[in-house]
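The values are calculated or read from the model by the stated rules, or taken from the named source; none is laboratory data. Because the structure is predicted, anything quoted here is derived from the model rather than measured. With ideal geometry, Cβ positions are generated from the backbone for all residues, glycine too; neighbour counts draw on all protein chains shown. Ligands, DNA and RNA are excluded from the accessible area calculation, which covers all protein heavy atoms including side chains. Shrake-Rupley method; radii C 1.70, N 1.55, O 1.52, S 1.80 Å.
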Amino acid sequence: MNILFVYPEFPDTFWSFKHALRFIGKKSSSPPLGLVTIAAMLPPEWGKRLVDMNVSRLKEDDLLWADYAFVSAMTVQRKSVYQVINHCHAAGVKVVAGGPLFTIEYDQFEGVDHFVLNEAELTLPPFLQDLEAGHPAPIYSTTEYADLSQTPVPLWNLLQMKDYATMNIQYSRGCPYNCEFCNVTALLGHKPRLKSASQIIAELDGLYQSGWRQSVFFVDDNLIGNKRMLKNELLPALIDWRRDKVGFQFSTEATINLADDETLMQMMVDAGFSSVFIGIETPEEDSLAEVGKKQNLKRDLIADVKKIQRAGIQVQGGFIVGFDHDTSSTFHIVSDFIQKSGIVTAMVGLLQAPPGTQLYQRLQKAGRLLERMSGDNVDGTTNIVPIMNLEALKEGYRNVLQYLYSPEVYYQRIKTFLREYKPPKIRVRIPFRDIMAYALAFLRSVFQLGIVGKERKQYWKLFFWTLFSRPKTLPLAITLMVYGYHFRRIIEMKGI
């Protein structure tokens, strides 16, 4: 049996980093972790081949070779998914589909032969059993949650690692919080389920043995959902593992209450965590209360962000406008918060209601839902009928993005961040090949940003300020300047 794993193409989005990746000669920010994990669950004697359409084309030879095409995708990949299904059918290849998009919207894809939904640890085995018996069913789903101790080490050898900027691994699924607009708990539950520290070390060992020496993103929606196990098991194991390793820095997602635990922050830094994405959403307390974001209430959010930055962890932030309690002043309040906090990478989107969430159900009952959401957090669209006039909302949103990512404002925000940020004392040993790649990226930044770019004045001012005032952070400053180039390109291309 030959199985072709196909990962559909992402459009150009805020998180695609396509325009930034060109500086370092990479094709995609990260690989399809789900598919290479699924591959490890299949019989070892089966033929396996991966086509990530973000780094290579889906070729006729691939389809002729395959007996089945396994497709996984997120909502933002929907357009490419339809094209993949059509290609497979034209070649006579049956399609097996799973992952977030299909779990939520499987009834929108008539061309799929078999749906393996929810968590594959539970739904893939009965599909494989029925397939072997010759009578696989159209749909396999479950309301139960998987035991992650059963999750195998991904088949890293299916990847062309040189094409990616970072690798992904997963420690936990589920989140203890109950934000009304978030579909994480709808898909994965409230109780965080964990892999053991030995499982994570085995995955990292596999990456290391495959030659990987760069960054690794923990894709957990909230890495600190179980602080006790994180502090007592995983972080000590990571600290020990990194002692004799070259390269490797980690990033992840967490909630703002990370700032409450100085010991946890220090352990994360010691373990190699250099950045964290936090869903801050808005500084407007009425809007936070409206959607059940209780963990962000009654806090000095800017002070919390700066605590994390001073601990040696860069904060990337998610923000939302378009809550029912938002007013015309909200746009300025959000922009001002982001600027003062020094959150350089600030993803600001319009409120969306993903299917399966409490927000979706509430607005559906109220008759306030529009067409399906795009899955692109920064394209200026929403599937909600807002309380605020829609045109006023979109205009205010455009103003926020154009302000935040204008060169002068963006570069000033980098400076605000670098003033607070305390680089970790731990020395990170970088492989020689990566030093050369970074040097080439720097030269590209000099040409693209410092010579021909609209931001050349800001580029050189920040470059020399950092060189003389914060020299240890110069590589990070250049990285953030390159990110800004990508973000501005996205805003221009989408006409925001």
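Residue by residue, here is whether (1) over 22 Å from Pro176 (Cβ atoms); (2) modelled with pLDDT under 95; (3) crowded, with 21+ Cβ neighbours inside 10 Å; (4) not hydrophobic (A, V, I, L, M, F, W, C) holds:
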residue	(1), (2), (3), (4)
Asp205	yes, no, no, yes
Ser251	no, no, no, yes
Leu258	no, no, yes, no
Glu290	no, no, no, yes
task: Quickly run through the range 162-181 and pick out the residues that are more than 18 Å from the chain's Cα centre (by Cα) and either more than 30 Å from Gln295 (Cα to Cα) or open to solvent by less than 10 Å² (accessible area, probe 1.4 Å) (or both).
output: Lys162
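For Asp52, are the conditions met, namely being in contact (Cβ under 8 Å) with a residue 40 or more places away in the chain, closer than 30 Å to Met481 by Cα and of a type in the set (Asp, Glu)? Walk me through it before giving the result.
Values: in contact (Cβ under 8 Å) with a residue 40 or more places away in the chain: yes; closer than 30 Å to Met481 by Cα: yes; of a type in the set (Asp, Glu): yes.
So Asp52 passes the test.
Quick grid of which residues meet (1) in contact (Cβ under 8 Å) with a residue 12 or more places away in the chain; (2) within 26 Å of Arg489 (Cα to Cα); (3) open to solvent by 40 Å² or more (accessible area, probe 1.4 Å):
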{"site": "Leu359", "(1), (2), (3)": "yes, no, no"}
{"site": "Glu371", "(1), (2), (3)": "yes, no, yes"}
{"site": "Asn399", "(1), (2), (3)": "yes, yes, yes"}
{"site": "Tyr438", "(1), (2), (3)": "yes, yes, yes"}
field: Subset of the range 4-22 [in contact with a Lys or Arg (Cβ under 6 Å, 6 or more places away or on another chain) and at pLDDT 95 or above]
entry: Leu4, His19
message: If the requirement is being open to solvent by 10 Å² or more (accessible area, probe 1.4 Å), within 30 Å of Leu187 (Cβ to Cβ) and in a helix (DSSP H, G or I), which of these qualifies: Lys394, Lys415?
response: Lys394
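Residues checked against (1) surrounded by fewer than 19 Cβ atoms within 10 Å (Cβ to Cβ); (2) small (Gly, Ala, Ser):
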residue	(1), (2)
Met265	no, no
Ile280	no, no
Ser287	no, yes
Lys294	yes, no
Asp300	yes, no
Ile308	no, no
Gln314	no, no
Phe319	no, no
task: Among the candidates Arg488, Arg470, Arg456, single out the residue that is open to solvent by 30 Å² or more (accessible area, probe 1.4 Å), closer than 22 Å to Arg22 by Cα and either at pLDDT below 95 or basic (Lys, Arg) (or both).
output: Arg456
message: Consider the range 113-130. How many of its residues are closer than 21 Å to Cys88 by Cβ and either touching a residue at least 24 places away in the same chain (Cβ under 8 Å) or open to solvent by less than 20 Å² (accessible area, probe 1.4 Å) (or both)?
response: 10
- request: Quick one: in the range 337-357, of everything that is more than 14 Å from Ile104 (Cβ to Cβ) and among the small types (Gly, Ala, Ser), which residue is surrounded by the fewest Cβ atoms within 10 Å (Cβ to Cβ)?
  value: Gly349
Subset of the range 53-104 [over 23 Å from the mean Cα position of the chain (by Cα), more than 30 Å from Tyr360 (Cα to Cα) and either among the aromatic types (Phe, Trp, Tyr) or open to solvent by less than 40 Å² (accessible area, probe 1.4 Å) (or both)]: Leu58, Asp62, Leu63, Trp65, Ala66, Tyr68, Ala69, Cys88, Ala91, Val93
task: Taking Gln309 as meeting all but one of (1) at pLDDT 95 or above; (2) over 27 Å from Ser251 (Cβ atoms); (3) of a type outside the set (Phe, Trp, Tyr), write down the number of the exception.
output: (2)
- prompt: List pairs: first in the range 455-484 and outside any helix (DSSP H, G or I), second surrounded by 14 or more Cβ atoms within 10 Å (Cβ to Cβ), Cβ under 6 Å, 6+ apart or cross-chain?
  reply: Glu455/Pro407; Glu455/Leu449; Arg470/Leu418
message: Residue pairs, Cβ under 6 Å, 6 or more apart or interchain, first in the range 210-238 and surrounded by fewer than 16 Cβ atoms within 10 Å (Cβ to Cβ), second modelled with pLDDT of 95 or more and in a helix (DSSP H, G or I). List them.
response: Ser210/Trp156
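Can you tell me which residue is surrounded by the fewest Cβ atoms within 10 Å (Cβ to Cβ) among those in the range 182-203 that are within 21 Å of Thr255 (Cβ to Cβ) and touching a Leu at 6+ places or on another chain (Cβ under 7 Å)?
Going residue by residue through the range 182-203, those that are within 21 Å of Thr255 (Cβ to Cβ) are 182-195, 200.
From what's left, touching a Leu at 6+ places or on another chain (Cβ under 7 Å): 193-195, 200.
Details: Arg193: 19, Leu194: 21, Lys195: 21, Ile200: 21.
Among those residues, the one meeting the criterion is Arg193.
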message: From the list Met1, Met41, exactly one residue is in contact with a Phe, Trp or Tyr (Cβ under 6 Å, 6 or more places away or on another chain), modelled with pLDDT of 95 or more and surrounded by fewer than 18 Cβ atoms within 10 Å (Cβ to Cβ). Which is it?
response: Met1
